[in-house]
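The structure appears below as structure tokens.
The values are calculated or read from the model by the stated rules, or taken from the named source; none is laboratory data. No experiment lies behind these values; they were computed from the predicted model shown. Here Cβ is always computed from backbone atoms with ideal geometry, including for glycine, and neighbour counts include all displayed protein chains. The area values use the complete protein model at the heavy-atom level, side chains included, leaving out ligands, DNA and RNA. Shrake-Rupley method; radii C 1.70, N 1.55, O 1.52, S 1.80 Å.
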Amino acid sequence: MKKETSPLQQPVEIINIGLESFAEDIKKMDIPVIQMDWRPPAGGNMRLLALLDGLEEEA
Amino acid sequence: MSINEANKKCLEKIQESTAIWSDIRPAKDVVPGMSERTVLHAGPPVAWNQMCGPMRGSIIGACIFEGWASNPEEVAQLAENGELEFDSSHHHHAIGPMSGIITPSMEVNVVTNTVHGIETYATLYMGIGKVLRHGAFDDEVMAKLRWMNYELAPLLRNALHHAGGIDLKNIVTQALQMGDELHNRNKASNALLLTALVQHLISVGEQSEVLKAIDFIDKAGHFILNTVMAGSKGMLDAGAHIKDSTIVTAIARNGYETGIRVSGLGDKWFTAPAPMIDGVYFPGFGPEDANPDMGDSAIAETIGLGSFSMVGAPAVVEYIGGTAQFALETTLKMYEITAGEHETYKLPPINFRGAPLGVDIRKVVETGITPIINTGIACRRPGIGQIGAGLTATPMACFTAALEAFACRKEK
């Protein structure tokens with residue numbers, strides 16, 4: 001890829017999923033960023049996920 | 001029945017429910033299971049040695065009011081000797097804000113769910129500041145309590161009988177169109193209640209007592225809150241005990257623990273330590289003065305009011321902290337954890353979408369979003385009263401415990 005066509009040479013807008021501090025660092029560089037309010041299902045707790053999966057069969 | 005079918009049935013029962021403010025009666029005459037020494041309190045069951053300062057203060061005031069004791073030391077003695085029968089109001093179809101203390105001689109609002117034949121009960125709202133529900137019990141508070149019980153209550157009872165009851169669901173529906181969320185903001189609903197009541201007060205009362213009652217209800221600001229709480233409980237009780245339903249039918253706090261009840265899990269409470277409240281403090285007070293979250297008023301959120309309807313009450317954010325955008329985001333978030341939308345309670349700013357209704361424990365655990373509660377902040381020292389207002393989140397531990405119990409309910 002030629003340098004002048006690289007997406008990173010264009011103005012970028014970023015959606016950050018996950019740690020909010022990543023978005024804050026980007027904001028400090030004056031780059032537009034949207035922090036998505038997302039977290040892993042059941043907070044990533046495998047036991048709770050298994051319970052939810054079990055209940056899905058009863059839904 | 002599948003879980004979704006059970007939840008649908010639960011929501012149908014809640015949706016078709018009514019709430020008619022039908023009477024005011026002494027608790028001992030109407031509240032089921034009131035013994036001569038019953039002391040009902042807000043939230044899940046809690047023992048005397050676990051109770052926070054404001055709840056103990058309220059109990060002291062209630063015992064003095066009943067004539068069981070004449071000072072705090074005598075009340076503590078009664079409690080420690082097991083001579084007071086403490087129980088959660090929820091176990092008696094009753095409910096109350098903050099400490100929510102109800103003793104046998106106290107007059108209570110009677111609200112009827114006419115569709116399901118359910119009567120629910122709540123204390124009379126006493127005003128803001130130094131009041132019994134915040135643990136105040138000085139001479140001024142006791143005089144006000146006696147006036148309310150022995151003069152105001154009989155007048156209101158006669159007016160209610162003259163009116164043939166007042167339709168609270170109708171008032172709530174209208175007030176949601178007028179900027180109330182019916183928990184911390186009751187400007188419209190309280191005025192609508194007074195409008196519905198005033199002609200009947202004039203019909204049954206002497207001019208001086210009627211004027212005093214009107215002035216009190218107007219200045220109290222949130223007088224309607226307790227009646228709406230009882231009405232909301234009556235609706236949610238209609239949706240309780242539906243086998244296989246994962247819908248939350250009560251959220252309540254006692255200043256020590258927060259508890260939830262789930263339709264398909266009967267009367268069992270799932271509890272966690274009561275959280276602190278993030279909010280705005282009145283001048284002279286700060287977080288160091290605050291009591292953990294307390295009161296049965298989270299029944300408002302459980303029925304889709306309060307923070308769940310905050311988008312329709314942007315003015316409330318001045319009181320509890322935040323912005324109008326935050327109010328919108330809060331309501332939208334609550335849709336992510338609810339199984340339905342209210343067919344009658346509509347929210348104008350989001351195209352009259354029905355209020356989020358029916359917190360589903362599965363959705364709470366999956367999303368990590370817990371119900372937000374708009375609430376008052378009580379001073380941890382008894383007798384001071386409300387020191388601010390804000391928001392708190394119902395602890396996730398209540399929902400994970402409920403989900404675990406639900407998942408293994410068939411093994412038992």
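Does region B:398-412 hold any residues that are open to solvent by 10 Å² or more (accessible area, probe 1.4 Å) and within 14 Å of chain A (Cβ to nearest Cβ), and which are they? Answer for region B:398-412, where residues must be open to solvent by 10 Å² or more (accessible area, probe 1.4 Å) and within 14 Å of chain A (Cβ to nearest Cβ): B:T400, B:A401, B:E404, B:A405, B:A407, B:C408, B:R409, B:K410, B:E411.
Taken over region B:67-87, the residue count meeting the criterion of being on the phi > 0 side of the Ramachandran plot and either aromatic (F, W, Y) or not assigned by TED's automatic domain parsing to the domain that holds B:T103 (or both) is 0. Scanning region B:328-343 for any residue that is surrounded by 24 or more Cβ atoms within 10 Å (Cβ to Cβ), in contact (Cβ under 8 Å) with a residue 60 or more places away in the chain and not in a loop (DSSP other than H, G, I, E, B) turns up at least one such residue. For region B:318-327, the candidate set comprises residues that are touching a residue at least 40 places away in the same chain (Cβ under 8 Å) and not β-branched (V, I, T); within that set, the residue that is nearest to the other protein chains (Cβ to nearest Cβ) is B:G322.
This table checks each residue for (1) over 27 Å from B:Q207 (Cα atoms); (2) out of contact with any helix residue (DSSP H, G or I) (no Cβ under 8 Å at 6 or more places or on another chain).
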| position | (1), (2) |
| --- | --- |
| B:E107 | no, no |
| B:T114 | yes, yes |
| B:E119 | yes, no |
| B:W147 | no, yes |
| B:L160 | no, no |
| B:I166 | no, no |
| B:K169 | yes, no |
| B:T173 | yes, yes |
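A:P32: out of contact with any helix residue (DSSP H, G or I) (no Cβ under 6 Å at 6 or more places or on another chain) and modelled with pLDDT under 90, yes or no? So A:P32 fails the test.
Residues in region B:365-380: is at least one within 14 Å of another protein chain (Cβ to nearest Cβ), open to solvent by 30 Å² or more (accessible area, probe 1.4 Å) and hydroxyl-bearing (S, T, Y)?
yes
Among the residues making up region B:76-97, those that are closer than 29 Å to B:I251 by Cβ and either open to solvent by 20 Å² or more (accessible area, probe 1.4 Å) or not in a loop (DSSP other than H, G, I, E, B) (or both) are B:A79, B:E85, B:F86, B:D87, B:S88, B:S89, B:H90, B:H91, B:H92, B:H93, B:A94, B:I95.
Applying the selection to region B:285-306, what residues are open to solvent by 50 Å² or more (accessible area, probe 1.4 Å) and free of Cβ contacts under 8 Å to residues at least 12 places away in the same chain?
First, the residues of region B:285-306 that are open to solvent by 50 Å² or more (accessible area, probe 1.4 Å): B:285, B:287-288.
Those that are open to solvent by 50 Å² or more (accessible area, probe 1.4 Å) and free of Cβ contacts under 8 Å to residues at least 12 places away in the same chain: B:P287, B:E288.
Per-residue answers, yes or no, for (1) of a type in the set (D, E); (2) in the same structural domain as B:V31 (by TED's automatic domain parsing); (3) open to solvent by 20 Å² or more (accessible area, probe 1.4 Å); (4) in contact with a Pro (Cβ under 6 Å, 6 or more places away or on another chain):
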site: B:N109; (1), (2), (3), (4): no, yes, no, no
site: B:G127; (1), (2), (3), (4): no, yes, no, no
site: B:V131; (1), (2), (3), (4): no, yes, no, no
site: B:D139; (1), (2), (3), (4): yes, yes, yes, no
site: B:A143; (1), (2), (3), (4): no, yes, yes, no
site: B:W147; (1), (2), (3), (4): no, yes, yes, no
site: B:L152; (1), (2), (3), (4): no, yes, no, no
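Of all residues in region B:79-92, those satisfying the criterion of being farther than 21 Å from B:M294 by Cβ and touching a residue at least 24 places away in the same chain (Cβ under 8 Å) are B:E80, B:E83. In the condition set (1) under 27 Å from B:I214 (Cβ atoms); (2) outside any loop (DSSP other than H, G, I, E, B), B:E73 is compliant with all but (1).
Taken as a whole, the condition of being modelled with pLDDT of 95 or more and buried (at least 21 other Cβ atoms within 10 Å of the Cβ) does not apply to B:G354. Considering B:N190, B:N170, B:N184, which residue is within 17 Å of the chain's Cα centre (by Cα), closer than 30 Å to B:V311 by Cβ and modelled with pLDDT of 95 or more? Answer to the check: B:N190. Does any residue of region B:386-397 turn out to be within 14 Å of chain A (Cβ to nearest Cβ), part of a helix (DSSP H, G or I), farther than 23 Å from B:G231 by Cα and open to solvent by 10 Å² or more (accessible area, probe 1.4 Å)? The answer is yes; a qualifying residue exists.
Could you say whether any residue in region B:304-312 is outside any loop (DSSP other than H, G, I, E, B), of a type outside the set (F, W, Y), more than 14 Å from chain A (Cβ to nearest Cβ) and over 19 Å from the mean Cα position of the chain (by Cα)? Within region B:304-312 (the criterion being outside any loop (DSSP other than H, G, I, E, B), of a type outside the set (F, W, Y), more than 14 Å from chain A (Cβ to nearest Cβ) and over 19 Å from the mean Cα position of the chain (by Cα)), the answer is yes, since at least one residue qualifies. Checked against the criterion of being of a type outside the set (S, T, N, Q), in a loop (DSSP other than H, G, I, E, B) and under 18 Å from B:N186 (Cα atoms), region B:219-233 has at least one qualifying residue.
Can you say whether A:V33 is more than 14 Å from chain B (Cβ to nearest Cβ), surrounded by 13 or more Cβ atoms within 10 Å (Cβ to Cβ) and more than 30 Å from B:G264 (Cα to Cα), as far as the supplied structure shows? When the stated conditions are applied, A:V33 passes them. Out of B:L193, B:L236, report the one residue that is over 30 Å from B:L403 (Cβ atoms) and open to solvent by less than 30 Å² (accessible area, probe 1.4 Å). The match here is B:L193. Specify the residue that is nearest to B:D244 (Cα to Cα); the eligible residues are those in region A:36-59 that are facing chain B (nearest Cβ under 8 Å) and in a helix (DSSP H, G or I). For region A:36-59, the residue satisfying everything is A:L55.
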